[in-house]
Amino acid sequence: MRLRLLASSSALMLLCGVGAAYAGMDEAKAFLDAEIGDLSTLDRAAQEAEMQWFIDAAKPFAGMDIKVVSETITTHEYESKTLAKAFSDITGINLTHDLIGEGDVVEKLQTQMQSGENIYDAYVNDSDLIGTHWRYQQARSLTDWMANEGKDVTSPTLDLDDFIGLKFTTAPDGDLYQLPDQQFANLYWFRYDWFNDEKNKADFKEKYGYDLGVPVNWSAYEDIAEFFTGREIDGKKVYGHMDYGKKDPSLGWRFTDAWLSMAGNGDKGLPNGLPVDEWGIKVDENSRPVGSCVARGGDTNGPASVYAIQKYLDWMKAYAPAAAQGMTFSESGPVPSQGEVAQQMFTYTAFTADFVKPGLPVVNEDGTPKWRFAPSPHGVYWKDGMKLGYQDVGSWTLLKSTPDDRAKAAWLYAQFVTSKTVDVKKSHVGLTLIRESTIKHDSFTERAPKLGGLIEFYRSPARVQWSPTGTNVPDYPKLAQLWWQAIGDASSGAKTPQEAMDSLCAEQEKVMERLERAGVQGDIGPKMAEEHDLEYWHKDAVSKGNLAPQLKIEDEKEKPMTVNYDELVKSWQ
């Protein structure tokens with residue numbers, strides 16, 4: 001009789017989901033043992049408690065087939081291959097995490113926004129789309145979601161304050177529209193060993209009259225590029241600069257990802273200049289885009305932008321390997337790690353793992369790098385208080401066209417892969433840091449010497465000057481594709497820098513004018529300004545305490561400045 005009662009109790013527990021919960025915890029413990037261990041900011045008891053919450057919250061969705069998508073980078077590969085399976089095993093939700101190209105992610109997202117057909121249940125897309133999501137109102141406000149429909153599936157241990165990138169995914173209305181999943185900066189890269197070589201230091205000082213070090217401005221970067229180009233080191237002729245120039249979509253990223261802001265385009269303001277951003281797009285007091293060209297108070301074709309393009313072309317021709325002109329982003333990426341490049345204006349820290357592989361010419365025998373990351377130098381138009389570089393923030397986005405139950409199940413996965421239980425381990429795999437607690441974890445203190453300054457940068461006050469595209473851009477997919485074509489024309493010599501940027505701003509304004517006529521973005525969409533000359537808009541900006549568009553600086557070669565890398569790191573501490 002007793003055995004029969006026990007069997008009945010077990011059946012009842014199973015029907016009520018209790019047995020499933022225990023089974024889920026068994027899977028959770030196995031996952032924690034095999035995959036996480038001590039690589040978490042939570043102790044084991046807290047990890048298990050967090051996993052138990054996921055098990056309980058997922059019960060209504062057990063057996064559902066959920067699909068999410070992201071671009072293909074190391075972090076997302078880890079999520080797709082390891083964390084998605086663990087989530088499915090623990091929760092009973094059948095989660096498929098697809099990996100496709102970045103452009104394809106945007107295309108699928110656009111298709112779902114336009115058609116209302118639910119293609120994916122959640123997207124990891126760049127926070128560069130924050131202005132698009134806010135204006136089109138096709139993405140759920142996560143602020144509303146967490147307080148209302150998604151309240152029962154929002155983790156009590158999510159701890160939003162721990163995320164370092166929420167400013168990038170918050171719209172002018174104050175609502176959060178995206179949850180950061182991974183982020184990485186573009187930073188100056190240089191051969192620390194070459195810069196500390198006594199002969200190189202002496203020769204540089206004799207030729208230029210100041211110390212060889214991390215360039216603070218573009219004038220110093222240019223001198224260092226000239227100094228190293230053609231110099232023989234370890235039996236090889238080396239180059240002082242590396243870039244890429246093929247007319248390809250990736251060429252646009254080079255510039256929308258903050259090349260112009262580094263030159264001094266736009267206004268002061270963090271995370272992005274206001275009222276004129278680093279794309280040169282100006283907004284009014286209601287955050288409505290009013291223009292891109294100087295003629296409407298924008299800065300896309302202003303002196304700072306033209307200077308940025310000219311320097312890009314000059315340095316490519318004079319100081320980079322000849323093959324760089326015909327390379328794309330992905331083709332040029334590994335070149336510095338081959339040991340013949342002294343410095344690069346910026347490289348993406350997401351590729352750090354590829355620069356620290358044993359046996360590379362840029363890695364010492366003990367596994368420490370011969371190179372370092374540092375803040376990128378700024379151009380002659382740059383002013384204190386401006387952003388200084390780009391930060392990619394791939395973020396979870398829930399579209400309104402996704403049914404609530406599917407969005408809830410996908411939201412659980414989004415929180416799982418960004419949870420405190422798994423974030424430290426995930427960050428060690430992909431080196432794309434999103435949580436303050438992870439950045440401060442002891443395991444990263446131990447690993448820091450092998451990451452070339454990445455951890456020091458993320459622990460420094462300097463990191464706030466690196467940010468994604470801001471909210472001024474009303475339709476990122478439509479506008480971003482214009483950039484590579486315009487820059488490609490300048491790179492190929494088909495147009496002068498001024499002609500290329502004149503064309504670009506005009507094309508951007510055509511898109512904005514169409515949006516204004518269509519009225520699809522309501523009273524936060526574009527409202528084009530009247531046209532006047534540069535002097536008019538510069539005077540207007542100064543009268544309001546702003547900068548852009550700036551007037552042309554006749555001597556664009558300012559006094560070069562460098563800083564000792566080790567002293568720089570000490571100042572951060």
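Scanning the range 490-503 for residues that are surrounded by 15 or more Cβ atoms within 10 Å (Cβ to Cβ) and touching a residue at least 40 places away in the same chain (Cβ under 8 Å) turns up Ala490, Ser491, Pro497, Gln498, Ala500, Met501, Asp502. All of Gly37, Gly92 fail the test of being of a type outside the set (S, T, N, Q) and more than 27 Å from Ser443 (Cα to Cα), apart from Gly92. Number of residues in the range 529-557 that are surrounded by 16 or more Cβ atoms within 10 Å (Cβ to Cβ) and in a loop (DSSP other than H, G, I, E, B) equals 7. Going through (1) crowded, with 19+ Cβ neighbours inside 10 Å; (2) within 22 Å of the chain's Cα centre (by Cα) one by one, Met51 falls short only on (2).
Exactly one residue out of Ser70, Ser141 is under 24 Å from Tyr476 (Cα atoms), modelled with pLDDT of 95 or more and buried (at least 23 other Cβ atoms within 10 Å of the Cβ), and it is Ser70.
For the condition surrounded by fewer than 24 Cβ atoms within 10 Å (Cβ to Cβ) and closer than 30 Å to Met528 by Cβ, what is the one hit in Leu451, Leu399? Within the list Leu451, Leu399, the selection yields Leu399. Of all residues in the range 367-389, those satisfying the criterion of being under 20 Å from Ser219 (Cα atoms), assigned to a loop (DSSP other than H, G, I, E, B) and not basic (Lys, Arg) are Pro375, Ser376, Pro377, Gly379, Val380, Tyr381, Trp382, Asp384, Gly385, Met386, Leu388. Consider Val341 carefully, then state whether it is surrounded by 24 or more Cβ atoms within 10 Å (Cβ to Cβ), among the β-branched types (Val, Ile, Thr), farther than 19 Å from Ile434 by Cα and in contact (Cβ under 8 Å) with a residue 60 or more places away in the chain. Judged against the criteria, Val341 is a match. Restricting the search to helices (runs of 4 or more DSSP H) fully inside the range 390-494 and requiring at least 2 residues that are touching a helix residue (DSSP H, G or I) at 6+ places or on another chain (Cβ under 7 Å) and closer than 25 Å to Leu142 by Cα gives 404-417, 420-430, 436-439, 476-492. In the range 297-305, the condition of being modelled with pLDDT under 95, crowded, with 23+ Cβ neighbours inside 10 Å and not in a loop (DSSP other than H, G, I, E, B) is met by no residue. Would you confirm whether any residue within the range 343-363 is small (Gly, Ala, Ser), in contact with a Phe, Trp or Tyr (Cβ under 8 Å, 6 or more places away or on another chain) and modelled with pLDDT of 95 or more? Checked the range 343-363: no residue is small (Gly, Ala, Ser), in contact with a Phe, Trp or Tyr (Cβ under 8 Å, 6 or more places away or on another chain) and modelled with pLDDT of 95 or more.
The values are calculated or read from the model by the stated rules, or taken from the named source; none is laboratory data. All values reported here derive from a predicted model rather than from experimental measurement. So basically every Cβ, Gly included, is an ideal-geometry build from the backbone, and we count neighbours across all protein chains shown.
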